[in-house]
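Colleague: Below: one structure in structure tokens.
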Amino acid sequence: MKQAALDLGEASAPEQDLTKTTLDMPEGLPEYFPDDLDGLKRLAVRFCRAFANCRTTEALKRHGKHYTDTLAIYRQRGIAVAVAWRAFADAVQAKDGPLFGAQSKTSLSYLPGNRTRRPNPARVDSCGCPLPAGVMMPRLEPGMTAHFDGEEWIYGNDCDPR
């Protein structure tokens with residue numbers, strides 16, 4: 001026997017509006033992800049509230065750790081917060097619903113091809129001299145140093161009086 005569908009009409013719970021305007025990045029967020037864990041956790045709470053619709057402390061505890069892990073990946077890759085926010089917004093719109101817990105990692109798939117990165121630090125040898133393009137630092141034993149003089153590597157150790 002078939003049961004008639006229940007029409008709740010006005011009594012039904014309002015759906016979350018997941019339009020682009022509601023998922024716009026709020027002001028006051030940093031340009032890049034913070035290096036300290038506490039700062040990353042605070043930022044993860046903001047992402048979790050926006051993209052998982054978490055409002056209670058229990059929900060933030062349950063889903064926040066996954067968001068912290070995902071934001072750590074963004075931080076490791078040197079991706080700007082604005083680019084990450086847009087990737088999360090695109091993932092929410094593609095899914096047509098919030099990203100709960102580990103689903104936050106699906107936002108990585110929505111990164112644009114030309115993402116904004118932190119500039120890489122200059123490549124240097126053991127003594128701080130810049131390395132030319134195409135020259136790679138050799139693997140060294142603990143306590144060993146290497147200097148590239150433009151043509152060859154000069155090896156030494158930390159105990160050298162020079």
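Just so you know, all these numbers are worked out from the coordinates, no wet-lab data involved. Computed from a predicted structure; not experimentally measured. Cβ atoms come from the backbone with ideal geometry, glycine included; neighbour counts cover every protein chain shown.
Colleague: Stretch ASP149-ASP96 to full length: gain in nm at 0.36 nm per residue minus the Cα-Cα span?
Modeller: Gain on stretching ASP149 to ASP96: 13.3 nm.
Colleague: Taking R0 as 30 Å, what's the FRET efficiency between ALA82 and ARG55 from their Cβ-Cβ distance, rounded to 0.05?
Modeller: Once rounded, the FRET efficiency stands at 0.80.
Colleague: Sticking with this structure for a sec: Calculated FRET efficiency, LYS105 and CYS127, Cβ-Cβ r, R0 45 Å, to nearest 0.05?
Modeller: For LYS105 and CYS127, the calculated efficiency is 0.65.
Colleague: Oh, and also: When a footprinting reagent is the concern and you count Cβ atoms within 10 Å, what order do HIS63, HIS147 take, fewest first?
Modeller: HIS147, HIS63
Colleague: If you don't mind, there's one more thing I want to ask. At 0.36 nm per residue, minus the direct Cα-Cα distance, what do MET136 and LEU37 gain on full extension? Give it in nm, one decimal, please.
Modeller: That works out to 32.5 nm of additional length.
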